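*Asks:* Have a look at the structure that comes next, please.
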Amino acid sequence: MDEQDRIIKIYENCFTPALHIYWPIAIKRGDRVYVEATNGKRYLDFSSGLAVLNIGHSHPRVMEAVRLQLEKYVHTGGVYYSEIVASAAERLISVTPPGLDMLFFSNSGAEAVEGALKLARFVSGRPGFISFTGGFHGRTLGAVSITTSSSKYRNRYHPLLPAVYHSLSPYCFRCPSGRKPETCGSECFDNLKDMLKQQISPEEVAACIIEPVLGEGGYSPVPHSFLQKLRNLCDKHGILLIFDEVQSGMGRTSNWFAADHYGITPDIMTVAKGIASGFPLSAVVATRKIMERWLPGAHGTTFGGNPVSCAASLATIAVIEEEKLLEKSRLLADRAMERLKRLARLNPSIGDVRGIGLMIGIEFITKTGAPYREAVQKVLDYCLGKGLILINCGSERHIIRFIPPLNTTEAELDTALAILEEGVTTLL
Ligand code: PLP
């Protein structure tokens, strides 16, 4: 049995089968856009460690910052103040949309979502939440209550958080009202307005929470007009608007946040994944007016805002800025989009290619237009065999997420695209 098989066996023995690992690869080393497995095989990693490694694996600048912090101290536990934590907070606020200028650090995306929900309830004094179908917000009970990307995530956990309502998501490729973008009559938005008339009155709604680019549920950007109407509706009724930017944030859309792309600012935003290049850190960010009403002791954490993670976060932001990765990744995204759209024109199994920046979804369909899960699995297996790691998403896992690190080179992008094109062309 080789080392990789041995490690996988230990996982099977020690971890509950509830834990899902995408690929049977045990990694030995990660270096920017590459990972090396224990069996010596080298892969181009276009999963970015589940949309986390926006500047790739083990960026030297991040590693150095972490090393320096490790020599000083690694924990504060809310007992002492810390310069590095203070700097990380200031730095994060410097890149979040204007007006979102206070925060609370925690560890994971789900924890940030929990914090955002609690904050919204606390300051509004209202019980209700509205989320959008197909959304994914995490695995904790509050986060899973607003998650509807798959019933598998909710199965056997009921009863979930009460006063949560799910409005139709504007997932345009599979428009729930059967419209084409040209004939869109904003039926999804009407659904939300009807919900406020028929199911929960606006004055009982604390917040609407939405992923500006649907992530796990299908890599589908929300149309600008929908988000603008949602912003206006929330303003009209004093409902707080939460953007869950756990996946779409920190440069993934070639903007610091998808909110910047849309030019629409939420009241509260969640940030995690790419924030610290793989070190656990997340944040609830909100306006000062909202945050100042969250009273002492109303929320807390032992590990949130870990100093080592904060050092990694500071370095990550510096790298994105100094290496001009927002600008560079825009060029990569254009290049990828053009080739993927051409591939879609040539191959009817690809129904749609969409995205913002390097957050691109490739949706596969059968001859009848149904989700084509088997095709995606075949293509992903093919790519893996050729040394390219990709992952899927969507309720039927019928969408490929194309999410390379922002500092991928053009040559690496071309190599990955060539493998993917070859896979689609030979298999489908
Ligand atoms: N919110 C969004 C939009 C996500 O994509 C995810 C994870 O994929 C989460 C929340 C949960 O994050 P975590 O897995 O770090 O708890």
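*Asks:* Once the Cβ-Cβ distance between residue 1 and residue 175 is put in as r, and R0 is 56 Å, what FRET efficiency do you end up with, to the nearest 0.05?
*Replies:* That pair, residue 1 with residue 175, gives E of 0.65.
*Asks:* Whole-Hz Karplus ³J(HN,Hα) for the stretch 270-287, in order, using 6.51 cos²θ - 1.76 cosθ + 1.60 and θ = phi - 60°, x for Gly and Pro?
*Replies:* Karplus values, whole Hz, x for Gly and Pro: 9, 9, 7, 5, x, 4, 9, 6, x, 7, x, 7, 8, 8, 9, 10, 7, 5.
*Asks:* If contacts are Cα pairs under 8 angstrom and at least 6 residues apart, what is the relative contact order of the stretch 76-218 in percent?
*Replies:* 26 percent
*Asks:* OK, next. In the neighborhood of residue 249, defined by Cβ-to-Cβ distances under 13 Å, what is the net charge if each Lys or Arg adds +1 and each Asp or Glu adds -1?
*Replies:* -2
*Asks:* Shifting gears a bit: Sort 308-317, 368-377, 233-242 by the packing proxy (mean of other Cβ within 10 Å over each peptide's residues), most packed first.
*Replies:* 308-317, 233-242, 368-377
*Asks:* Now, a different point. Keeping every protein chain present and rolling a 1.4 Å probe, give me the accessible area per residue for the stretch 20-96 in Å².
*Replies:* The answer is 55 Å² per residue.
*Asks:* Under the Karplus relation 6.51 cos²θ - 1.76 cosθ + 1.60, θ = phi - 60°, what is the ordered set of whole-Hz ³J(HN,Hα) values for the stretch 299-309, x standing for Gly and Pro?
*Replies:* Going residue by residue, I get 8, x, 6, 8, 9, x, x, 4, x, 5, 4 Hz, with x marking Gly and Pro.
*Asks:* Sticking with this one: Can you give the helix-only mean residue ellipticity at 222 nm for the chain, where every DSSP H stretch with n ≥ 4 adds -39500 (n - 2.57) and the sum goes over all residues, rounded to the nearest 500 deg cm²/dmol?
*Replies:* Mean residue ellipticity at 222 nm (helix-derived): -12000 deg cm²/dmol.
*Asks:* Ignoring ligands, DNA and RNA, what percent of the accessible area of the stretch 314-428 is carbon or sulfur (1.4 Å)?
*Replies:* 53 percent
*Asks:* Follow-up question, since we're still on this one. May I ask you to give the percent of accessible area on the stretch 98-146 that is carbon plus sulfur, with a probe radius of 1.4 Å?
*Replies:* 63 percent
*Asks:* Share of antiparallel DSSP beta bridges in the chain, in percent to the nearest 5?
*Replies:* Rounded to the nearest five, the antiparallel share is 70 percent.
*Asks:* Let me ask something else about it. Subtracting the Cα-Cα distance from 0.36 nm times the residue separation, let me have the gained length for residue 63 to residue 225 in nm, one decimal.
*Replies:* 54.2 nm
*Asks:* Quick check: net charge around residue 9, other residues with Cβ under 14 Å of its Cβ, Lys/Arg +1 and Asp/Glu -1?
*Replies:* Charge balance near residue 9 sits at -3.
*Asks:* Right, something else. Tell me, what is the per residue accessible area of the stretch 219-274 in Å², probe radius 1.4 Å?
*Replies:* Counting only protein heavy atoms, the per-residue value for the stretch 219-274 is 25 Å².
*Asks:* Which order do the peptides 251-257, 142-148, 331-337 take when ranked by the mean count of other beta-carbon atoms within 10 Å per residue, highest first?
*Replies:* In decreasing order of mean packing, 251-257, 142-148, 331-337 become 251-257, 142-148, 331-337.
*Asks:* Further question: In whole percent, and with a 1.4 Å probe on the protein chains, what portion of the accessible area of the stretch 164-250 is carbon and sulfur?
*Replies:* Roughly 50 percent, rounded to a whole number.
*Asks:* For the stretch 214-233 and the stretch 31-94, compute the distance between their C-alpha centroids and round to whole Å.
*Replies:* 30 Å
*Asks:* Another question, then. In whole Hz and in residue order, list the ³J(HN,Hα) couplings for the stretch 5-17 that follow from phi through the Karplus curve 6.51 cos²θ - 1.76 cosθ + 1.60, θ = phi - 60°; x for Gly and Pro.
*Replies:* Per-residue couplings from phi come out as 4, 4, 5, 4, 4, 5, 4, 4, 7, 9, 9, 4, x Hz.
*Asks:* Now a separate question. Relative contact order for the chain: what is it in percent, counting Cα pairs under 8 Å that are at least 6 residues apart?
*Replies:* Once normalised by length, the contact order is 22 percent.
*Asks:* Now, a different point. Going by average Cβ density within 10 Å per residue, which order do the peptides 206-213, 393-400, 20-27 take, highest to lowest?
*Replies:* Listed from highest to lowest mean packing, they are 206-213, 393-400, 20-27.
*Asks:* Using only the Cα atoms of the chain, build the gyration tensor, take square roots of its eigenvalues as a ≥ b ≥ c, and label the shape rounded, prolate or oblate: rounded if a/c is under 1.5, else prolate if a/b is larger than b/c, else oblate.
*Replies:* Since a/c reaches 1.5 but b/c is at least a/b, the shape of the chain is classed as oblate.
*Asks:* Using alpha carbon centroids, what distance separates the stretch 362-428 and the stretch 120-198, in Å?
*Replies:* 28 Å
The values are calculated or read from the model by the stated rules, or taken from the named source; none is laboratory data. As the structure is a prediction and not an experimental result, all values here were calculated from the model. Every residue, glycine among them, receives a Cβ derived from its backbone with ideal geometry; neighbour counts consider all protein chains shown. For the accessible areas, the whole protein counts, side chains as well, though only heavy atoms, and no ligand, DNA or RNA atoms are used. Shrake-Rupley method; radii C 1.70, N 1.55, O 1.52, S 1.80 Å.
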